[in-house]
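The values are calculated or read from the model by the stated rules, or taken from the named source; none is laboratory data. Keep in mind that what you see is a predicted model, and the values were worked out from it rather than measured. Cβ sites come from the backbone with ideal geometry, for glycine too, and all protein chains shown count toward neighbours.
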Amino acid sequence: MRPLLELVDSQLFILGAPVERLEKEVAELSHTPFAVGCASGTDALLLALRALDVGPGDEVITTPFTFFATAGTIHNVGAKPVFVDIDPETFNISVDAIAAAITPKTKAIVPVDLFGQVAPMERILAVAGKIPVIEDAAQSIGARRMIDGAWRMAGETATIGTFSFFPSKNLGGYGDGGMMVTQDPKLAERLKRLRMHGGARQYYHDEVGYNSRLDALQAVVLSAKLPHLAGWSAKRRENAAYYVRALADVAEVKPPIVERANESIFNQFTIRAQRRDELQAYLKEKGIGTSVYYPLPLHLQPCFAYLGYKAGTCLVSEQAAREVLSLPIYPELTVGQLDEVVAAVKSFYGR
């Protein structure tokens, strides 16, 4: 409480020392020398694309099975989203599909660490070659992947990694916020300019940028919560393991698959379920909250009809959209509450 009161007394609400402190902390967590705060996870993607000079005439390869911002930002810089299908087990983008979609117009690749599991970055980077990779790590801060015998953090290996501090995230603020991490000092400096209307100094502008500054209030809150992130994520993994064991005899339910090389933070615990919509309605009657991430893949969204994708283009994503259901996974769940969820799922399927 004291840091918040001190901030209110200072009246320095935008950027400043609290944001610089959080940037340093997130950079250390992510094993990167540079972190740049911004107004949201969406803006983090937008600024990353701009920093890499992605624009009209360019193509950007990404997944259709993700939150809208991943592709919306590509459209908003004037580039063309190129949707490729996902891996049926992890829900992350298919590396083989990326390789098949690369053309001379490909300016960037945007994989997503969906539901808290890092995408196969070493394989994506190998396929990308010199093409920049923006890792959408909005759901995966603190997650890691074993690459060449060493743990690599979400955002660490990408050209630019992006995070979201939306309140529902594992590390969520008291409002919106975002962060970009990179190993490249020139990209870091440009990201700082772009978030401040394109200028490194007040009233002097090298290019046209954005008003996308992280509030100091959010930085104070996030710095206070950050030391607890590892513990919260560990409890989510514990809850996930409990579900997997308890639902093992329910043939109609398939739990999420985490690659052996990965340590997921389980932003969501997303199952595949037969008669998904009926199951969700049944759980709602029992007072159990669930969500569907995501009910309509991006390549079939009306706003992207101009791209010409049809049903059947990304079959795995389309099937996932019909089957996925996210169960409660937050770290404060008790064993009794977990058992209540499990019992309700089993009851629905007659177990």
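In the set Ala273, Ala246, Ala241, only one residue is farther than 18 Å from Glu332 by Cα, among the small types (Gly, Ala, Ser), surrounded by fewer than 19 Cβ atoms within 10 Å (Cβ to Cβ) and at pLDDT 95 or above; that residue is Ala246. Taking the numbered list (1) of a type outside the set (Asp, Glu); (2) touching a residue at least 60 places away in the same chain (Cβ under 8 Å); (3) in a loop (DSSP other than H, G, I, E, B); (4) in contact with a strand residue (DSSP E or B) (Cβ under 7 Å, 6 or more places away or on another chain) in turn, Ile131 passes all entries but (2). Residues of region 136-172 being hydrophobic (A, V, I, L, M, F, W, C), under 14 Å from Val110 (Cα atoms), within 13 Å of the chain's Cα centre (by Cα) and assigned to a loop (DSSP other than H, G, I, E, B), which ones? Listed by number, the residues that qualify are Ala137, Ala138, Ala154. Residue pairs whose Cβ atoms lie under 8 Å apart, sitting 6 or more positions apart in sequence or on different chains, and linking a residue in region 206-217 that is not assigned by TED's automatic domain parsing to the domain that holds Arg195 to a partner that is of a type outside the set (Phe, Trp, Tyr) and surrounded by fewer than 20 Cβ atoms within 10 Å (Cβ to Cβ), do not occur here. Among the criteria (1) within 18 Å of the chain's Cα centre (by Cα); (2) more than 21 Å from Ser164 (Cα to Cα), the one Arg272 does not fulfil is (1).
Contact map, region 293-312: residues that are exposed (fewer than 11 other Cβ atoms within 10 Å of the Cβ) paired with residues that are at pLDDT 95 or above, Cβ distance under 7 Å, separation 6+ or inter-chain. Pairs shown: Ala311/Leu300; Ala311/Glu318. Could you figure out which of (1) in a loop (DSSP other than H, G, I, E, B); (2) in contact with a Cys (Cβ under 9 Å, 6 or more places away or on another chain) isn't true of Gly312? The single condition Gly312 does not satisfy is (2). Within region 323-351, count every residue that is assigned to a loop (DSSP other than H, G, I, E, B), of a type in the set (Val, Ile, Thr) and surrounded by 14 or more Cβ atoms within 10 Å (Cβ to Cβ). So the answer is 1.
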